[in-house]
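Some notes on the structure that comes next.
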Amino acid sequence: MLNKLLNIKYPIIQGAMANIATAEFAACVSQCGGLGIIATGSLSAEQTRIEIQKCKQLTNQPFGVNIMLMNPYASEIVDVIIEEGVPVVTTGAGNPGAYMAKFKEAGIKVFPVVPSVGLAKRMERAGADALIVEGGESGGHVGEMTTMALVPQVVDAVNIPVIAAGGIADGRGMIAAFALGACGVQVGTCLLVADECPIHENYKEVIKAKDTDTVVTGKSVNTPVRSLKNQMTREYLKLESHIESREELEKLTLGGLRKAVHDGDVKTGSVMMGQIAGMIQEKKPMQQILNEMMESTEAVYQSLSKVMEEI
Ligand code: TUI
């Protein structure tokens, strides 16, 4: 089980959310029983070092760092993570193969996020300790496959632990992930409404989103990103039909994330969130979110034998 592998209370990893998952946020998740992850998608190497050191001050529980592989500072960030002796690393938006040997040598556990069976197998061969298998229901940078179809196929294809991500926010999702062969989950969207989540109040309007309110932009330039439908996504999709410059389009998303998170500009900003946003109804403390997820997991598990009896 994931708790044993990581020495944490709950089998829950916090998804890396650029501009959101600061040292304080990651430490809070770790203090509440999950694995907090510092997101470095928008950080330099030295900013990453400061965040790691801050997190060490704030919690004595294990925490990890995510490397967003499209970040131009990714390689320096890897060195900082090794120097600071972070126990576990997750990676996203690319293939971390080039850094694997370095991490292994330093005794750091590596959990790459994978969107396909092919990359899952390559990562196992390269020495990954576990895989975070993420379906396109997630917020942010996404693959094509759904969690439901992808997780069992990866479970069948590899011999290392699998953690499911994408569309999971309560005990039903957690039990479904276990049923598909995962040993834990990674969640992001349901943590946006935590009282301790440092996003602008407007971003917390995630609670108003309904099931069909997110959309994927950037498919044409190979950077598919799921976010809340708004003026930006409408303009983006219009531009996308005739502009092919990745740089031009990225200005709308990457810069837009900061606008949404810090300035609360949810009209022209990039309000990344997953499809499960429609189910998120209330703002509450982080501890309550994680406790309720575990309590409902137990309740759903108990109810399953009744379902089976009635078949
Ligand atoms: O990385 C994420 N989610 C993210 S990163 C991010 S910051 C950003 N902002 C604007 C534009 C782009 C990024 C926001 N959300 N999730 C993990 C994830 N990784 N999902 C999919 C992948 C992935 C995709 C391709 C992993 C590996 C991969 O490999 C391709 C290859 O090289 O074989």
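Observations on the model:
- In summary, the lysines within cross-link reach of Lys208, defined as a Cα separation below 16 angstrom excluding same-chain residues under 8 places away, comprise Lys229, Lys267, Lys283, Lys284.
- Annotation: peptides 74-84, 204-214, ranked by per-residue average of other Cβ atoms within 10 Å with the highest first, follow the order 74-84, 204-214.
- Rounded if a/c under 1.5, otherwise prolate or oblate - the chain, Cα gyration tensor axes: rounded
- A convex hull fitted around the alpha carbon atoms of the range 99-243 yields 147 Å³ per residue.
- Magnitude of the charge dipole, the chain, Cβ model with Lys/Arg +1 and Asp/Glu -1, debye to 20: 160 debye
- Anisotropy class assigned to the range 173-220 is oblate, per the alpha carbon gyration tensor with a/c at or over the 1.5 cut-off and a/b no larger than b/c.
- Net charge dipole size for the range 198-311 [Lys, Arg +1 and Asp, Glu -1 on Cβ; Debye, nearest 20]: 380 debye
- Cα gyration tensor category, rounded, prolate or oblate, for the range 187-307 with a/c compared to 1.5: prolate
- Helix-derived mean residue ellipticity, 222 nm - over the chain, DSSP H n ≥ 4, -39500 (n - 2.57), to 500: -13000 deg cm²/dmol
- Packing-based ranking, highest mean first, of 164-171, 3-10, 144-151, 281-288 given that Cβ atoms within 10 Å are counted: 164-171, 144-151, 3-10, 281-288
- Accessible surface for Cys190 stands near 10 Å², nearest 10, in the context of the full protein assembly shown (1.4 Å probe).
- Length gained when the stretch Lys54-Val221 is fully extended (0.36 nm per residue, less Cα-Cα span): 56.5 nm
- Cβ crowding within 10 Å averaged over residues, with 87-99, 265-277 ranked highest first: 265-277, 87-99
- Theoretical FRET efficiency, 1/(1+(r/R0)^6), r = Cβ-Cβ of Glu310 and Met70, R0 45 Å, to 0.05: 0.40
- Subtracting the Cα-Cα distance of Gln287 and Arg122 from their residue separation scaled by 0.36 nm leaves 55.8 nm.
The values are calculated or read from the model by the stated rules, or taken from the named source; none is laboratory data. Because the structure is a prediction, the values reported are computed rather than measured. No Cβ is skipped: glycine too gets one built from the backbone with ideal geometry, and neighbour counts run over all protein chains shown. When the accessible area is computed, the model is the full protein with side chains, heavy atoms only, and any ligands, DNA or RNA have been set aside. Shrake-Rupley method; radii C 1.70, N 1.55, O 1.52, S 1.80 Å.
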